[in-house]
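> I'd like to ask you about the structure that follows.
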């Protein structure tokens with residue numbers, strides 16, 4: 001019995017020693033993520049031992065070790081609210097996503113021999129637009145994959161290049177050879193604020209460098225997002241009619257509201273991450289435009305009131321405006337035509353979401369045509 005107890009104590013001591021020996025090794029796996037990493041969308045991410053990290057763009061966040069045995073960590077970004085789940089490669093030189101919805105999220109350790117910020121050298125001739133039928137037209141598809149290739153090409157331009165906007169345009173030009181879909185990526189170098197346009201068609205890609213400082217924002221587009229065909233389908237399910245000639249994807253920053261990652265498709269706004277339809281103006285354009293017009297209207301109303309009050313009704317002055325009283329039909333008489341103002345605002349909104357910038361400005365300027373009247377109710 002004493003011998004059995006002795007053997008038991010020996011095994012317990014061995015087990016405890018093994019546990020003590022393995023714990024530091026496991027912790028060391030997560031500690032290996034501390035350092036500088038060349039991020040897949042460009043620039044460097046510095047992961048610190050205090051549980052924080054920073055990116056060259058200015059974004060930052062916190063990280064935690066979620067599986068010491070595999071060197072698995074979770075990064076939470078302060079701006080944008082993005083969450084990346086990553087694991088170390090066996091050689092400790094790479095990070096790759098463990099989240100099936102984020103297969104493109106990767107990083108390479110900076111300063112390790114044999115690594116580079118870009119996985120491969122990409123030439124514009126290597127990139128071509130993939131499309132799928134959309135009525136009689138072709139609609140670009142596989143844009144997350146295309147953005148990754150475009151980013152690798154942009155990293156050859158600037159090592160800190162980040163994608164900040166994606167725009168689709170259906171080219172309708174006289175030359176038949178130049179018609180069709182076009183996708184343009186806008187890249188920003190946070191270090192010097194210069195930009196790069198990378199335009200892709202079915203025939204290939206071209207680049208154009210913008211050497212002057214650009215104020216395009218410093219939030220990189222997430223690598224995984226709702227593809228354009230899905231965004232178009234969602235927009236149509238919620239009322240968008242006809243062919244889609246333009247669409248844009250970016251991180252919008254409306255005044256007084258959190259940043260929004262969204263597609264603008266036709267007259268609809270689609271969340272770029274979840275596919276939900278957003279029912280408010282994420283651009284802030286309408287609010288700013290209306291504010292400018294209201295300031296102009298207030299000035300004109302004040303001018304008209306001063307003219308009515310300062311001129312005699314019998315003076316015959318060319319600037320004399322009769323005082324029509326409370327029931328006046330004067331267009332800027334406060335409160336007298338609330339219904340007309342409501343209908344005008346509704347027509348402006350319909351033109352903004354369903355028409356062109358020219359339509360919107362024409363109606364806003366009171367230059368409604370017969371065609372505008374039938375289309376927008378102005």
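The values are calculated or read from the model by the stated rules, or taken from the named source; none is laboratory data. Source: prediction; values computed, not measured. Reconstructed Cβ throughout: ideal geometry from the backbone, glycine too, with neighbour counts over all protein chains shown.
> Look through 80, 61, 71 and report the one residue that is crowded, with 17+ Cβ neighbours inside 10 Å, over 26 Å from residue 142 (Cα atoms) and either under 27 Å from the mean Cα position of the chain (by Cα) or without any contact (Cβ under 8 Å) to a residue 12 or more places away in the chain (or both). Show your work before the answer.
Details: 80 fails: over 26 Å from residue 142 (Cα atoms); 71 fails: either under 27 Å from the mean Cα position of the chain (by Cα) or without any contact (Cβ under 8 Å) to a residue 12 or more places away in the chain (or both).
Just one listed residue meets the conditions, 61.
> Also: Listed residues 220, 229, 174; which is surrounded by 19 or more Cβ atoms within 10 Å (Cβ to Cβ) and either more than 24 Å from residue 263 (Cα to Cα) or not assigned by TED's automatic domain parsing to the domain that holds residue 59 (or both)?
Working: 229 fails: surrounded by 19 or more Cβ atoms within 10 Å (Cβ to Cβ); 174 fails: surrounded by 19 or more Cβ atoms within 10 Å (Cβ to Cβ).
Step by step, each of 220, 229, 174 is checked, and only 220 is surrounded by 19 or more Cβ atoms within 10 Å (Cβ to Cβ) and either more than 24 Å from residue 263 (Cα to Cα) or not assigned by TED's automatic domain parsing to the domain that holds residue 59 (or both).
> Follow-up question, since we're still on this one. Scan region 239-252 for residues that are exposed (fewer than 15 other Cβ atoms within 10 Å of the Cβ) and either assigned to a loop (DSSP other than H, G, I, E, B) or touching a helix residue (DSSP H, G or I) at 6+ places or on another chain (Cβ under 9 Å) (or both) and report the count. Even if it seems obvious, please write down each step before you answer.
Taking region 239-252 and keeping what is exposed (fewer than 15 other Cβ atoms within 10 Å of the Cβ), we get 239, 241-243, 245-246.
Now narrow it down to the ones that are either assigned to a loop (DSSP other than H, G, I, E, B) or touching a helix residue (DSSP H, G or I) at 6+ places or on another chain (Cβ under 9 Å) (or both): 239, 241-243, 245.
Residues in region 239-252 being exposed (fewer than 15 other Cβ atoms within 10 Å of the Cβ) and either assigned to a loop (DSSP other than H, G, I, E, B) or touching a helix residue (DSSP H, G or I) at 6+ places or on another chain (Cβ under 9 Å) (or both): 5 in total.
> Tally time: how many residues in region 54-98 are assigned to a loop (DSSP other than H, G, I, E, B) and either modelled with pLDDT under 90 or within 19 Å of residue 162 (Cβ to Cβ) (or both)?
Residues of region 54-98 assigned to a loop (DSSP other than H, G, I, E, B): 56-59, 68-71, 78-82, 89-93, 98.
Those still in the list that are either modelled with pLDDT under 90 or within 19 Å of residue 162 (Cβ to Cβ) (or both) too: 56-59, 68-71, 78-82, 89-93.
Selection size over region 54-98: 18.
> Scan region 182-215 for residues that are in contact (Cβ under 8 Å) with a residue 40 or more places away in the chain, out of contact with any helix residue (DSSP H, G or I) (no Cβ under 8 Å at 6 or more places or on another chain) and surrounded by fewer than 17 Cβ atoms within 10 Å (Cβ to Cβ) and jot them down.
Residues satisfying the conditions are 191, 202, 203, 209.
> Hey, another quick one. Could you please find all residues in region 255-271 being under 24 Å from residue 355 (Cα atoms), in contact with a strand residue (DSSP E or B) (Cβ under 8 Å, 6 or more places away or on another chain) and modelled with pLDDT under 90?
Correct list: 260, 266.
> Identify all residues within region 253-271 that are out of contact with any helix residue (DSSP H, G or I) (no Cβ under 8 Å at 6 or more places or on another chain) and touching a residue at least 40 places away in the same chain (Cβ under 8 Å); write none if there are none.
Listed by number, the residues that qualify are 259, 261, 271.
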